[in-house]
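**Student:** Sending over a structure as structure tokens; questions will come in a sec.
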Amino acid sequence: MSDTTIASGTVLVTGGGGYIGTTLVPMLLERGYHVKVLDRFFFGRDLLAPHENLECIVEDSRKLTAAHFEGVDAVIDLVALSNDPSGELFMDATYAINRDSRIRCAQLAKEAGAKRYILPSSCSIYGFQGPGVIVDETAKTNPLTTYAKANEMAENGVLPLADDDFCVVVLRQATVYGLSPRMRYDLAINGMSEGAWMTGKLPLMRDGSQWRPMVHVSDTAAAQIFMLTAPHGSVNGQIFNVGSDANNYQLGPLAERVAAAVPRDVEIEWYGDPDHRSYRVSFDKIEALGWKAEKIAEDGVKEICAAIEAGTSEKNTRTITLSWYQELAKWHSIVKDVELYGGVIEL
Ligand SMILES: NC(=O)c1ccc[n+]([C@@H]2O[C@H](COP(=O)([O-])OP(=O)(O)OC[C@H]3O[C@@H](n4cnc5c(N)ncnc54)[C@H](O)[C@@H]3O)[C@@H](O)[C@H]2O)c1
């Protein structure tokens, strides 16, 4: 059994300009890795601070070439259209990016001699599970949305590439929360915190009984780094859920905890049709390996409220993933109609 680890060297992070990436990349740099971020930077190019060991490549993951993998020791393949409603609206692009480009990325990484490939997938592929069921990595999956299906297909595409020289690890992340430079208020705890703090109204998806595992953004980033340094033989070709039992929440009781952590009177504002995605997840496998999540929901709530109060984070079109993609698509079409010779007013 190989005990190779990636404790130093160059890590290619696709989608590194996103919510998880803008937390993960500084953590990698702090640990001494060289980092190449490959991203289209849909959410802006100014969210990663310049660093002598950081290279940013503005590129679409559907156009990856062998050259992008030169000198790369490991890949963390975060790139995706990253939620359910975006997956339904942009279905073809979701399969092309979340499934096809990630499978191709793993193949190119292997051909170029990289030693490790980590696919940050999602616990949402468990979908609805019966009452009382706690799913582990061996459970039958039940992906209910295009986003979840594309993730499962990506998992199935990359895992067979694992061999003695190329370590492949799949991480099924719980729903992430907490403050990050590229902020997402479309995620449950983040949206609840913002609504409660700014308006005193906490948005809660019906009917509140659904189970949802959560993980703090710095914890899931730490899990990805942990998987770089885990011995090849103990993780290769394997799937790990990323989260913790302390962060397995039912949304109704979670809303009450968020409300209690916000320093003002808060009332619940119900929205949506009853959500059928309900899953309770076991995190025993990753904990047995020595990794443990450190944060709970209240940590995220407090840091988000503090950032909003300080004026460093706000809910707007750009911080709601679907709204921003719709906005980009709308303006792309408007600009295309009026653009001539590469310009609009100024040529
Ligand atoms: N945030 C969560 O709750 C969560 C939970 C489970 C799994 N995940 C997975 O983790 C990964 C990262 O999620 P996130 O929350 O950081 O999402 P995000 O939307 O914030 O980041 C995605 C990044 O990918 C980039 N991107 C998208 N399409 C691209 C393309 N074709 N070429 C180049 N760059 C492109 C975007 O510009 C963005 O910077 C995704 O694979 C997501 O499915 C996230």
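**Student:** Can you check what the net charge comes to around TYR325, using other residues whose Cβ is under 11 Å from the Cβ of TYR325 (Lys, Arg +1; Asp, Glu -1)?
**Tutor:** Numbers: positive: ARG318, LYS330; negative: ASP186, GLU327.
Charge balance near TYR325 sits at 0.
**Student:** Taking the chain as the region of interest, what is the percent of Cα-Cα pairs per 10 angstrom bin, listed from the shortest bin to the one with the maximum distance?
**Tutor:** 5, 25, 35, 24, 9, 2, 0
**Student:** Exposed loop GluC sites (Glu not before Pro) only (DSSP loop, at most 13 other Cβ atoms within 10 Å): please give the longest stretch of the chain free of them, not including the sites.
**Tutor:** It runs 71-293.
**Student:** Less than 28 Å apart at the alpha-carbon level, and either on another chain or at least 8 residues along: which lysines does that give for LYS63?
**Tutor:** Hits, sequence-local ones excluded: LYS36, LYS110, LYS115, LYS149, LYS330, LYS336.
**Student:** Give me the net charge for the shell around LEU47: Cβ to Cβ below 15 angstrom, other residues only, Lys and Arg +1, Asp and Glu -1.
**Tutor:** Result for the neighbourhood of LEU47: +2.
**Student:** Relative contact order for the chain using alpha-carbon pairs under 8 Å, separation at least 6, rounded to a whole percent? If you can, show how the numbers build up before the last one.
**Tutor:** Numbers: 710 pairs, mean separation 65.7, N = 347.
Relative CO of the chain lands at 19 percent.
**Student:** Separate question: Given the rule -39500 (n - 2.57) for each run of at least 4 DSSP H residues, summed and divided by the residues of the chain, what is its mean residue ellipticity at 222 nm, to the nearest 500 deg cm²/dmol? Working shown, then result.
**Tutor:** Numbers: 12 runs with 120 residues, N = 347.
About -10000 deg cm²/dmol.
**Student:** In whole Å, how far is the Cα centre of segment 65-84 from that of segment 187-212?
**Tutor:** Here the answer is 32 Å between Cα centres.
**Student:** Right, another one. In straight Cα distance, which aspartates and glutamates are under 13 Å from LYS302, not counting same-chain residues fewer than 8 positions off?
**Tutor:** GLU194
No value in this document is a laboratory result; all are computed from the given coordinates. All values reported here derive from a predicted model rather than from experimental measurement. Quick reminder, even Gly has a Cβ in these numbers, built from the backbone with ideal geometry, and neighbours come from all protein chains shown.
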